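*Asks:* Sharing a structure, written as structure tokens. Questions coming.
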Amino acid sequence: MTYTVDSMRTPPPTYAWTRFGEPEYTDWLDESLSWKDACYIGNWSFLWQHRFTGPDVLRLFSDFSVNSFARFQLGQSKHVIHTDGDGKVIHEGILTRFGAEEFMLHGRGGFWMSHQLARGGYDARVERDDWFIFQVSGPSSIALLEEVTGSPQLRDTGFMRVAPVTIAGHQVWALRQGMAGEVGFELQGPIEHGQEVYDLIVAAGQRFDLRRLGWRAAPINHLEACFPTIATDYIPAIFGADMAGYLAEFTASMPAFAQPAYIAGSYDGREVGEYYRSPVELGWARNIVFDHDFLGRPALEAEKADPRRVIRTLVWDSEDVGDVFMSLFRPGQVYPFMEMPRDPRGFMWADRVTVGDDLVGVATSRGYSHHFREMLSLCTIDVAHSEPGTRVTVHWGTPQGPQKAIRATVAPAPYKTDRRRSDLRAV
């Protein structure tokens, strides 16, 4: 199948975020406050897992990742990023080193690395696995996990390090990360133990005001904490003619009704490549290390030295946002509906951002933060207009349909204070 911008504007047949569980457990307003005032448990078990083993695993990843593996310790995890020859992101995910020659990769990147491994030249093997992944995050998360694991050593776990713990009689890997921008752990283990682990945490969590995180609120922590997401903030760079073989392999792993990406919003790109993004544009420049050769290195060397666009938060004007909703209650033009708190269909909803008549950026991940009582979005924006406090205009709508010009203000990304690396002994 040939994918075009027009074909990607066809709405998906189902809500994308249902993979996270139920829409709401208390309600999305309450759940979206959980990682600020207590803690939540969220289910990311839908992510793909690939286990890589063998003496050449690090050479394989080094050849096709922007990251350095010169000092990759046992029990350490890395946010690995894979780019094409132009430095645009193909996939990314979390890679953990469990042994000298044993690694687990969570996310879509496992398919890309399997593709490269199959092309030969590496003494390594890969197999699919199926793990549960539960995020437990927020100020009271460490106390809750201490209770269910009986392990005070959790407080000594370094950021992006895994600690073995026991929950419900099963060994579980606890990765310290914090996708909500708060202290937290991601609990990982074989899927057959997942329900027991989940149920025990939920039961014990009542004393800690734990909330189960539904799919309506789950994407808001990525927005507030600035974690750009594939197919939401960028289209994976897999649609060029040179990627046809890999694209066929990847789509074969997806449900028959689904496609790899969907597009909406006022930004009127003509080619799918206009929706690709580089690690620099997505705020991941710190991950790019030039101590090795990798696919896309020359392009990223030039871009990192002189970036054209960076990522920021946009704070949308409340009166202009309100007018979008008010158009539903008056005669005449109706603007496209702003789903609350986020669009659930899995679009990369990309809206034009302008200063005067000039296009200066593209807004994505638009969502309502109940904590801040503001409509926010992420935005890849020209460096010249990226200073916090800069006034811009977001055009909400469709390329050929009605559009509402919404005033917005550039703000830092992440918008919420990043507390992931807080001293766990002081929490």
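*Asks:* Give me the distance in nm between label points sitting 7 Å out from Cα along the Cα-to-Cβ direction at residue 340 and residue 26, one decimal.
*Replies:* Between residue 340 and residue 26, the simple spin-label model gives 1.8 nm.
*Asks:* Which trypsin sites (Lys or Arg not before Pro) from region 58-139 combine a DSSP loop assignment with at most 14 other Cβ atoms within 10 Å?
*Replies:* Details: sites: 59, 71, 78, 88, 97, 108, 119, 125, 128; in loops: 71, 88, 108, 119.
Those that pass, being in a loop and sparsely packed, are 71, 119.
*Asks:* Which residue, 388, 331, 298, tops the fluctuation ranking in a GNM of the chain built on C-alpha contacts under 10 Å?
*Replies:* 331
*Asks:* If you don't mind, another one. What size of dipole, in debye to the nearest 20, comes out for the chain about its Cα centre when the only charges are +1 on Lys and Arg C-beta atoms and -1 on Asp and Glu C-beta atoms?
*Replies:* Details: 42 positive and 54 negative charges, 78 e Å.
The calculated dipole for the chain is roughly 380 debye.
*Asks:* Would you compute, from DSSP H runs of 4+ residues alone, the mean residue ellipticity of the chain at 222 nm, taking -39500 (n - 2.57) per run and dividing by the full residue count, rounded to the nearest 500?
*Replies:* On the way: 11 runs with 84 residues, N = 427.
Computed ellipticity for the chain at 222 nm equals -5000 deg cm²/dmol.
*Asks:* A further question follows. Quick one: Cα centre-to-centre distance for region 169-210 and region 260-317, in angstrom?
*Replies:* Rounded to whole Å, the Cα centres lie 33 Å apart.
*Asks:* From the residues 206, 290, 305, which one has its Cα farthest along the dipole of the chain in the positive direction, the dipole being from +1 and -1 charges on Cβ of Lys/Arg and Asp/Glu about the Cα centre?
*Replies:* Going by the charge dipole, the pick is 206.
*Asks:* Next up: With every protein chain present, what is the per residue accessible area of the chain (1.4 Å probe, Å²)? It would help to have the intermediate numbers written out before the result.
*Replies:* Numbers: 17200 Å² over 427 residues.
Roughly 40 Å² per residue, with all protein chains present.
*Asks:* Looking at the chain, send over the antiparallel percent of its DSSP beta bridges, to the nearest 5. Write out the running numbers ahead of the final one.
*Replies:* Details: 78 of 84 bridges.
Expressed as a percentage, antiparallel bridges in the chain total about 95.
*Asks:* In addition: Roughly how far apart, in whole Å, are the Cα centres of region 113-138 and region 19-62?
*Replies:* A separation of 16 Å, based on Cα centres.
*Asks:* Spin-label point model (7 Å from Cα, Cβ direction): what's the residue 384 to residue 102 distance in nm?
*Replies:* Simple spin-label model gives 5.5 nm for this pair.
*Asks:* Above 14 Å lies some portion of the pair distances; for region 383-427, what is it as a whole percent of all C-alpha pairs?
*Replies:* Working: 662 of 990 pairs.
Summing the P(r) tail past 14 Å for region 383-427 gives 67 percent.
*Asks:* Just to be sure I understand: if I project the alpha-carbon convex hull of region 1-159 onto a plane and average over all orientations, what area do I get in nm²?
*Replies:* 13.0
*Asks:* Using a 7 Å offset from Cα along Cα-Cβ at residue 318, what residues in region 406-421 end up with backbone N under 20 Å from the label point?
*Replies:* 406-412, 415-417
*Asks:* Along each principal axis of its Cα atoms, how long is region 87-221 end to end? Whole angstroms, biggest number first, please.
*Replies:* For region 87-221, the Cα extents along the three principal axes come out at 53, 32, 28 Å.
*Asks:* Now a separate question. When every alpha-carbon pair in region 175-320 is counted, what percent end up more than 20 Å apart?
*Replies:* Values: 7152 of 10585 pairs.
I get 68 percent for the Cα pairs in region 175-320 exceeding 20 Å.
*Asks:* Now, a different point. Using only alpha carbon positions, build the gyration tensor of the chain, then give the equivalent ellipsoid semi-axes as the square roots of 5 times its eigenvalues, largest first, whole angstrom. Before the final figure, lay out each step's value.
*Replies:* Numbers: eigenvalues 218, 157, 81 Å².
Sorted largest first and rounded, they come to 33, 28, 20 Å.
*Asks:* Residue 207 versus residue 422, label points 7 Å from Cα toward the beta carbon: distance in nm?
*Replies:* Those two pseudo-labels are separated by 2.0 nm.
*Asks:* OK, next. Need the list of aspartates and glutamates near residue 88 for cross-linking: C-alpha distance under 18 angstrom, and skip anything on the same chain fewer than eight residues off.
*Replies:* Reachable aspartates and glutamates: 63, 233, 242, 271, 274, 281, 293, 301, 303, 306, 382.
*Asks:* Could you look at the chain and say what percent of its accessible area is carbon and sulfur, using a 1.4 Å probe and all protein chains? Provide the component values of the computation, followed by the final result.
*Replies:* Details: 8650 of 17200 Å².
Roughly 50 percent, rounded to a whole number.
*Asks:* Gaussian network model of the chain, Cα springs within a sub-10 Å range: biggest mean-square fluctuation belongs to which of 381, 191, 90?
*Replies:* So, out of 381, 191, 90, the one fluctuating most is 191.
The values are calculated or read from the model by the stated rules, or taken from the named source; none is laboratory data. These figures come from a predicted structure and were not determined experimentally. No Cβ is skipped: glycine too gets one built from the backbone with ideal geometry, and neighbour counts run over all protein chains shown. Surface accessibility is based on the protein's heavy atoms, side chains included, excluding ligands, DNA and RNA. Shrake-Rupley method; radii C 1.70, N 1.55, O 1.52, S 1.80 Å.
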